[in-house]
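Values in this text are rule-based calculations from the coordinates and carry no lab data. As the structure is a prediction and not an experimental result, all values here were calculated from the model. Glycine gets a Cβ as well: all are built from the backbone with ideal geometry, and neighbour counts include every protein chain shown.
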Amino acid sequence: MMDPSAYLLLSGILFGIGVAGVVVRKNVLIILMSVEIMLNAVNVAFIAVGSHLGDVTGSVFAFMVMTVAAAEAAVGLAILIAIFRLKETIDITELSVLKW
Amino acid sequence: MANLVSSIQFADPYFSVLLLLIIAVGMSVGFVFLSQALGPRKYDRIKYSVYECGVDPFTSASVRVSVKFYLVALLFLLFDLETAFLYPWAVLFRDLGLFGFIEMTIFVGILLVGLVYAWKKGALDWQ
Amino acid sequence: MEPILFIVFGAIAVGGAIMVVTRRHPMSSALFLILTLFAVAALFVLRQAHFLAAIQVIVYAGAVVVLFIFVIMLINVPENKLPLERLTGFRFLGIMVAGLFILEAALVARRFATPGTPTADSGSVEAVGRALFTDYLLAFEVTSVLLLAAVIGAIALAKKRI
């Protein structure tokens, strides 16, 4: 079995791509998808180290992360629908009411 | 032929999944390229127009769908995750015994509140 | 065998993730997201986490992306009304920050370059279930409250008349 360093590097690359998506994109839908990529990258790290140490905790944690990701997607998309009804836009730079 | 198939040692049960993946991708990509390469290309305005069961399309294909679809997908997500938790519980049902039964009853009971809420709010009626 | 499959599926995952971030229309992003999630599920299989791989496909590709696609069809912004995105200085700085994250991960990953011991039972359904229903019982029960809160919140936000 491979050592987990390659998996951790892959996890870091996926997380970095997700961060870039969140920071750079304006489309709220794609920002939410980038968040999903980041959560998945964390899962890769959990699974890799968990199987490296022979510990089942990695899998349990990844399961919890998946549940949280599903809940986050559901609520995030519902907020998006509510905002779209109000302002007819999915451009995050136009949603600046709370900006100081 | 049967002898050949049975003689392949399936070292890993995922080997068949990989085989399926290769065949599926190969066939779908291959047929697209084959029809590109072998089919005659004659331009015809009607042939290239949007096709919808043989009748002329009534409206644009990109209409906004109703929010009801989102609510149904949301409830599907809820019960999909519930099933994901039920599956290891079902595998370990005999080992966990009454304790496992009680904890799963609490879990399902709490999620049932969500279903009752959705029902009372009318997320389940299609009107 | 594992290094070859790791490179193949890792490349698919990274390529899909880059496509998700760079596509203009969110529908193409959602379809590439499915590709990335499948590749990650294959990586889980490589690490013997069979149960998690199945859950990844069922929950993510089966439910979360469907939710995304329904919302994309629901709000259905026409192609020419999508937000205009240009690469400004601040955005370039954001990409640099993301690159820093990758560098950081590479530094952390170097510390784990010890050869692993083959372990048989760290990701099977029995092992995960046993840990979930005994050691992590509270987390499991609290998950149901989290899901309840998510469903009630989402319905309250998305339903027209409350």
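Quick notes on this one:
- Phi to ³J(HN,Hα) by Karplus 6.51 cos²θ - 1.76 cosθ + 1.60 over the range C:95-101, Hz, x for Gly, Pro: 5, 4, 4, 4, x, 4, 4
- Sequentially through the range B:66-83, phi angles give Karplus couplings (6.51, -1.76, 1.60; θ = phi - 60°) of 6, 5, 4, 4, 5, 5, 5, 5, 5, 5, 4, 4, 4, 6, 4, 5, 4, 4 Hz, Gly and Pro residues having no value and appearing as x.
- For the protein assembly as shown, the Kirkwood hydrodynamic radius from C-alpha pairs, put into Stokes-Einstein at 37 °C and a viscosity of 0.692 mPa s, yields a diffusion coefficient of 142 µm² per second.
- If the convex hull is drawn through the Cα atoms of chain C, its volume per residue in Å³: 179 Å³
- For residues of B:117-124, the mean tally of beta carbons on other chains within 10 Å: 3
- Signed unit charges on C-beta, dipole axis of chain A, positive-most listed residue A:Phe46, A:Ala73, A:Phe61: A:Ala73
- Listed peptides C:28-35, B:19-26 by packing density, highest first (mean Cβ within 10 Å): C:28-35, B:19-26
- Remark: mean inter-chain Cβ contacts per residue of A:85-91 equal 4, using a 10 Å Cβ-Cβ cutoff to other protein chain atoms.
- Cα gyration tensor, the range C:1-79 - rounded (a/c under 1.5), prolate or oblate: oblate
- Computed from backbone phi with θ = phi - 60° and the Karplus coefficients 6.51, -1.76 and 1.60, the 3J(HN,Hα) list for the range B:84-95 is 4, 7, 5, 5, x, 5, 5, 5, 9, 4, 5, 5 Hz; x is used for glycine and proline.
- Residue by residue along A:92-99, Cβ atoms of other protein chains within 10 Å of the local Cβ number 1 on average.
- With the alpha-carbon atoms of chain A aligned to their principal axes, the span from lowest to highest coordinate is 52, 23, 22 Å, starting with the largest.
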